[in-house]
Amino acid sequence: MTSSNFVSPSQIRAQFSAAMSAMYKDEVPLYGTLMELVADINQNTLQADQDLHKNLQQAKELERLDEERHGAIRVGTPEELHTIGRLFAVMGMHPVGYYDLTPAGVPVHSTAFRALHEDELRVSPFRVFTSLLRLELIEDAALREEARAILANRQIFSPEALKLIAQCEQDGGLNADDATRFVSEAIKTFRWHGESTVSSAQYKDLHDQHRLIADVVAFKGPHINHLTPRTLDIDSVQESMPKYGITPKAVIEGPPTRQHPILLRQTSFKALNEPVRFSDQDTSEQGSHTARFGEIEQRGAAVTHKGRELYDRLLNAARAELGEAPAEHNAETYTQLMHKHFENFPDTLEQMFNNDLVYFNYLPTTQGLAKAGNYEANTSIAQLIQNGDVRLSPIVYEDFLPVSAAGIFQSNLGDGSNSSYAQLSNQEIFESQLGQSVIDEQQLYAQTAQRSLEQCLHALGVQR
């Protein structure tokens, strides 16, 4: 079969994202309410801010907004992680970034599978935050081996999904019929199962060790535990959630409200208490499990190495002054401290550009295009921006923040988790188990910015 018969990985990803959203909406009706809330807020925001609407349109970000989702899953073994990487590769999704959540008391380390190139992201920005359970961090040796044995006895991928993954790897792609079958089979891995693979006593032992451990080990597969839409105004979402019958977590994770958002801001509602039948229960009995929750995010600008160092420094300073973990009782104080410390992070596009804090797309203006071909050689991008011939548009941050991820997890896992683990996650071990190296997100943003710069200068006829 020739490559011309293949469906593009981005098209398969878009199809899979739509199928995942439909499945999750059916499984968690409150997710549908969440989508209505986000759609209402986004529409109101765009109507109230025509400049934002124009900027998103010119940056080709508007089309992807309603389709944008990220999911999160947790796998239990290196073999599962390796195969999930192969599954996502069929959809053009690759491991970007390494996230160590163990210092925050969550016994996993993670990566995010996503598309790499801006053109692919515009087709479908779907991404999946994927965590691997650190079985070696289970303190009870007997329980650790029991968990290992339980996980060894499950197969989270259907035979047909495995067959189609291998076929794609061998042939270099899938045709339309096979792509449709692949989506149908792959989605099975992420379904919720109301029947547990362990007894109620085993579940209690796993749960008492850590709720997340029970969530990974006690079920047939890595059910999607949240699916997250993107909003343009997370503060309005946080304020409006109760009106939609949703109780938000106390604190929005990530940077504070800014004129020009950076990185990632996230909020969520508490995890659902769902009925579960354990292996020792008959049809008249059932227990319960709490893990799946609703999350909403607002994505801002991708920051440079220098910008990230400044962000981390300001975040750490605010948390140090708070003196404890952000929670409901200190939410107002924490918000005030974040605003105070982040006054030191410039909040105009020009300041962020001049201080090399953010990655940008460079868009020639109408004025600039009218001068095309009449610029002196080696005219600097800074001069073009200053003259109004080029407009700055921040590159969207496509990735995650470990402190925020841990904060979201913890708010939905209860207060009984460990505060830290003595043995921290290790990127080399993770990559060995994944079977490939994770990609440095900074490199991707730098490449996107460079491509944009070259296209802009070419459009203006500036010789370099």
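The values are calculated or read from the model by the stated rules, or taken from the named source; none is laboratory data. Note that the structure is a prediction, hence the values are computed from the model and not measured. All Cβ positions, even for glycine, are placed from backbone atoms using ideal geometry, and neighbour counts span all protein chains on display. Side chains included, ligands, DNA and RNA excluded: accessible areas come from the protein's heavy atoms. Shrake-Rupley method; radii C 1.70, N 1.55, O 1.52, S 1.80 Å.
Got a sec? Charge dipole of the chain, +1 on Cβ for Lys and Arg, -1 for Asp and Glu; which of 262, 458, 275 is way out at the positive end?
Ranked along the dipole, the leading option is 458.
Sum up the charges of everything whose Cβ sits under 9 Å from the Cβ of residue 399, counting Lys and Arg as +1 and Asp and Glu as -1, but leave residue 399 out.
Computed value for this residue: 0.
So what does log10 I(q)/I(0) come out to for region 209-296 at q = 0.16, 0.17, 0.25, 0.26 Å⁻¹, using the Debye formula with one equal point on every Cα and no solvent?
The computed values of log10 I(q)/I(0) come out as -0.77, -0.83, -1.26, -1.31.
May I ask for the distance between the Cα centers of region 165-205 and region 324-345, given as a whole number of Å?
A separation of 41 Å, based on Cα centres.
Could you compute how much accessible surface residue 371 exposes when probed at 1.4 Å, giving the result in Å² to the nearest 10?
Estimated to the nearest 10 Å², residue 371 gives 80 Å².
Place the peptides 337-348, 30-41, 106-117 in order of packing, highest mean first, counting for every residue the other Cβ atoms within 10 Å and averaging per peptide.
With the highest mean Cβ count within 10 Å placed first, the list reads 106-117, 30-41, 337-348.
If you take every residue apart from residue 381 with its C-beta less than 14 Å away from the C-beta of residue 381, what net charge results, scoring Lys and Arg +1 and Asp and Glu -1?
On the way: positive: 391, 451, 464; negative: 350, 356, 376, 389, 454.
Net charge around residue 381: -2.
Each label point is 7 Å from the Cα along the Cα-to-Cβ direction; what then is the distance between the points at residue 53 and residue 306, in nm?
3.6
Distance cut-off 26 Å, Cα to Cα: go down the list 306/340; 306/371; 25/188; 60/340 and report the pairs above it. Intermediate results must be reported in sequence, preceding the final value.
Details: 306/340 20 Å; 306/371 34 Å; 25/188 15 Å; 60/340 34 Å.
Violating the 26 Å Cα-Cα cut-off are 306/371; 60/340.
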